[in-house]
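A short worksheet on the structure shown next.
The values are calculated or read from the model by the stated rules, or taken from the named source; none is laboratory data. Quantities reported herein were computed from a predicted structural model and do not represent experimental measurements. Methodologically, a virtual Cβ is constructed for each residue, glycine included, from the backbone with ideal geometry; neighbour enumeration extends over all protein chains shown.
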Amino acid sequence: MSTALAERDLLHELTPVAEQLVHRHYDTCKPWYPHEYIPWSEAREFPPRGQWNPADTPLPDELRSALFVNLLTEDNLPYYYHTLDRLFGREGVWREWSHRWVAEEARHSQALRDFALVSQALDPWELEDGRMAQMSGGQVPNPRSAVDGFVYVSLQELATRIAHRNTGKSLQLAMADHPLGQAGYQIINRVATDENFHFLFYRDLTTAALEINPSVVLPAIERQVRDFAMPGTGIPGFRRHAEAIAKAGIYNLDQHHGQILQPVVMTWWKVESLQNLSAEAEAAREALLRQIQRIGTLARRLAERARDAKDRAKDVKERARDAKDRAVARRTRPS
Ligand SMILES: [Fe+2]
Ligand SMILES: [Fe+2]
């Protein structure tokens, strides 16, 4: 049987599982209302163009990068929907799910933008120019089949949950004494909870697909792990922002390996112990295990380098403080 035919059969066999998972989603993902999370009374007039001052909402630059990238990524929703529509089709539960999913995702950019504007955490002109650039380009990952799509979206929804949650926690810390800090944490955390429900849907759909036909699914897992990239490449300054986000521990390779590949691919999907694989799937498994190991080694190396750099920066700061203390002591010593 050709791969395309096997994939079509698999989608057909997965239909009752998708129906069950959609109902589980309805039972667990309760409605929520973005406007209830926004501290509207904190809103103020914007200064004229060119006079927006980051010091008016003091935040570390990397946190601004995370807010900017997270929000613009959510803005690109029409193109993700386009991909899902192409992969899942417009029949029955597949259409029902992709429509429900798009309805839930649409409130993420709305909620995050309301917060960004009320808090003035981002330059609104830069944000709007970024949105126009990102959406005019419409760059999104384009998995080649529905099965590749299930795998990619499982990894990506979890990655997005991690990035949102860490952004929320960092914001709460950075603005601990300000009502916007707590409000920002709550709204971003609520968005992250939606992403978690989406992740569970796709993860469990992939689990069921693995039970039905592991020889079709395993090569898809290998392809998606090998080529995985967070969406957002069309965002102006994406590489610079992504580096800042990684450095701040909001989302980096260490988390990708330790919080996504290990728990989902290795532990949940049990790729090491799958049985009855075709020769092609067996080769894909070997390549996948090597790839995950390589990512783990690289992630550990980068994490160690980041720790060393942090220690060095701390040392420099302490030495500068000691030097300053000594200078003050010299100046105040009675002659
Ligand atoms: Fe989202
Ligand atoms: Fe999502």
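Odds and ends about this structure:
- Enumeration of residues in region 166-201 that are without any contact (Cβ under 8 Å) to a residue 40 or more places away in the chain and under 23 Å from ASP56 (Cα atoms): GLY168, LYS169, GLN172, LEU173, ALA176, ASP177, HIS178, GLY181, GLN182, TYR185
- Those residues of region 131-165 which are more than 16 Å from ligand 2 (Cβ to nearest atom), touching a residue at least 24 places away in the same chain (Cβ under 8 Å), surrounded by fewer than 21 Cβ atoms within 10 Å (Cβ to Cβ) and part of a helix (DSSP H, G or I), in sequence order: ARG131, ALA133, MET135, GLY137
- Condition met for PHE46 (among the hydrophobic types (A, V, I, L, M, F, W, C), away from ligand 2 (no atom under 16 Å from the Cβ), touching a residue at least 12 places away in the same chain (Cβ under 8 Å) and surrounded by fewer than 17 Cβ atoms within 10 Å (Cβ to Cβ)): yes
- Any hit, region 221-229, residues being away from ligand 1 (no atom under 16 Å from the Cβ), assigned to a loop (DSSP other than H, G, I, E, B) and within 16 Å of the chain's Cα centre (by Cα): yes
- Of all residues making up region 130-166, the number that are of a type in the set (A, V, I, L, M, F, W, C), under 24 Å from PHE197 (Cβ atoms) and in contact with an Asp or Glu (Cβ under 7 Å, 6 or more places away or on another chain): 2
- Test: ALA106 is more than 22 Å from ASP27 (Cβ to Cβ) and either within 22 Å of the chain's Cα centre (by Cα) or of a type in the set (D, E, K, R) (or both): no
- Residue within region 195-213 that is in a loop (DSSP other than H, G, I, E, B), more than 11 Å from ligand 1 (Cβ to nearest atom) and either touching a Phe, Trp or Tyr at 6+ places or on another chain (Cβ under 9 Å) or among the charged types (D, E, K, R) (or both) present: no
- Looking only at region 81-99, and only at residues there that are surrounded by 17 or more Cβ atoms within 10 Å (Cβ to Cβ) and not hydroxyl-bearing (Ser, Thr, Tyr), the one that is farthest from ligand 1 (Cβ to nearest atom): VAL93
- For beta carbons closer than 9 Å, sequence separation of 6+ or different chains, a first residue in region 264-293 that is loosely packed, with under 12 Cβ neighbours inside 10 Å and a second that is at pLDDT below 95, there are no qualifying pairs.
- Matching option when the condition is away from ligand 1 (no atom under 16 Å from the Cβ) and within 30 Å of THR3 (Cα to Cα), among PRO143, PRO60: PRO143
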